[in-house]
Amino acid sequence: PKEELTNISDIFEQEKSTDGPQVPTIDLKEIDSENENVRERCREELKKAAVDWGVMHLVNHGISDELMDRVRKAGKAFFDLPIEQKEKYANDQASGKIQGYGSKLANNASGQLEWEDYFFHLVYPEDKRDLSIWPQTPADYIEATAEYAKELRALATKVLRVLSLGLGLEEGRLEKEVGGLEELLLQMKINYYPLCPQPELALGVEAHTDVSALTFILHNMVPGLQLFYEGKWVTAKCVPNSIIMHIGDTIEILSNGKYKSILHRGMVNK
């Protein structure tokens, strides 16, 4: 969009600001409470965030801080490897090999530079994984990532149940429509943003919506995510121990537009 062409200001200052709309934070602690009133209040808040925003911070989501830290450390350790080692896992878009290590340091359609290295692979279901392309270094990468994927897949089921009920459907309907336990794929993309000498001219990831059903973002408490909400870019706060969740295009379509897939982008800093 034309808004993409405007100058990118200091995202750290934007993140500190308390002015204007804020991405909602949803506490999932009581999502399965035996107390019906407590349970329904929690589920209603999640549904409202999906309707109004299509993105939210999830806290008390059931995935331990320790496991999330292991995943972050494993990802960072991979990108800290010499380029020769990382390129052993390189993807090959031309031949259709999309899984593996890649880099996007090029101008996007809006004329701005995208500034990103990444590692992309399918992590769940287990029988569809190709462990031969998973990094052997660091040593904890496979174990931490596999455990995280399993827990994230369970969280996706919980969220999809609530979203189904919010549409007046049986709780398993949306999950069934997007593939169910056997066919719904969980893919992981680890983004790494190298030092950028001119961040005012660059984007980490250009503005887009996600084609997925749901997207979960494990962040590192560095601001960078912006959402296009009510005609303006809103910088997401850094909420400790949270996972950011986006409604994807697939759920927006299946809900006839009730749940929103919001336009968003990733920013870079020095």
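Return the total of residues in region 128-142 being assigned to a helix (DSSP H, G or I) and free of Cβ contacts under 8 Å to residues at least 12 places away in the same chain.
3
Looking at Ile244, is it β-branched (Val, Ile, Thr) and part of a strand (DSSP E or B)?
Spelling it out, Ile244 is indeed β-branched (Val, Ile, Thr) and part of a strand (DSSP E or B).
Tally time: how many residues in region 38-97 are within 30 Å of Gly231 (Cα to Cα) and either of a type in the set (Phe, Trp, Tyr) or in contact with a His (Cβ under 6 Å, 6 or more places away or on another chain) (or both)?
2
Exactly one of these conditions fails for Glu116: (1) modelled with pLDDT under 95; (2) in a loop (DSSP other than H, G, I, E, B). Give me its number.
Unmet for Glu116, out of (1) modelled with pLDDT under 95; (2) in a loop (DSSP other than H, G, I, E, B): (2).
Checking the structure you have, find out if any residue of region 125-145 is aliphatic (A, V, I, L, M), touching a helix residue (DSSP H, G or I) at 6+ places or on another chain (Cβ under 8 Å) and farther than 30 Å from Ala90 by Cβ.
Within region 125-145 (the criterion being aliphatic (A, V, I, L, M), touching a helix residue (DSSP H, G or I) at 6+ places or on another chain (Cβ under 8 Å) and farther than 30 Å from Ala90 by Cβ), the answer is no, since none of the residues qualifies.
Under 6 Å between Cβ atoms, which residue pairs at least 6 apart in sequence (or on different chains) link something in region 226-252 that is within 24 Å of Asp65 (Cα to Cα) with a partner that is part of a helix (DSSP H, G or I)?
As it stands, the answer is Thr235/Ile11; Thr235/Gln14; Thr235/Glu15; Asn241/Asp65; Ile247/Ala50, since those pairs meet every condition given.
Tell me, which residue of region 141-191 that is in contact with a Lys or Arg (Cβ under 6 Å, 6 or more places away or on another chain) and not small (Gly, Ala, Ser) is surrounded by the fewest Cβ atoms within 10 Å (Cβ to Cβ)?
Glu171
Mind telling me which of the residues Leu155, Leu203 ends up being in a helix (DSSP H, G or I) and either farther than 25 Å from Leu67 by Cβ or at pLDDT 95 or above (or both)?
Leu155
With a cut-off of at least 2 residues that are under 22 Å from the mean Cα position of the chain (by Cα), modelled with pLDDT under 95 and within 26 Å of Val222 (Cβ to Cβ), name the strands (runs of 3 or more DSSP E) lying wholly within region 1-111.
100-107
The values are calculated or read from the model by the stated rules, or taken from the named source; none is laboratory data. Nothing here was measured: the structure is a model prediction, and the numbers come from that model. Positions of Cβ are generated from backbone atoms using ideal geometry, with glycine treated the same way; all protein chains shown enter the neighbour counts.
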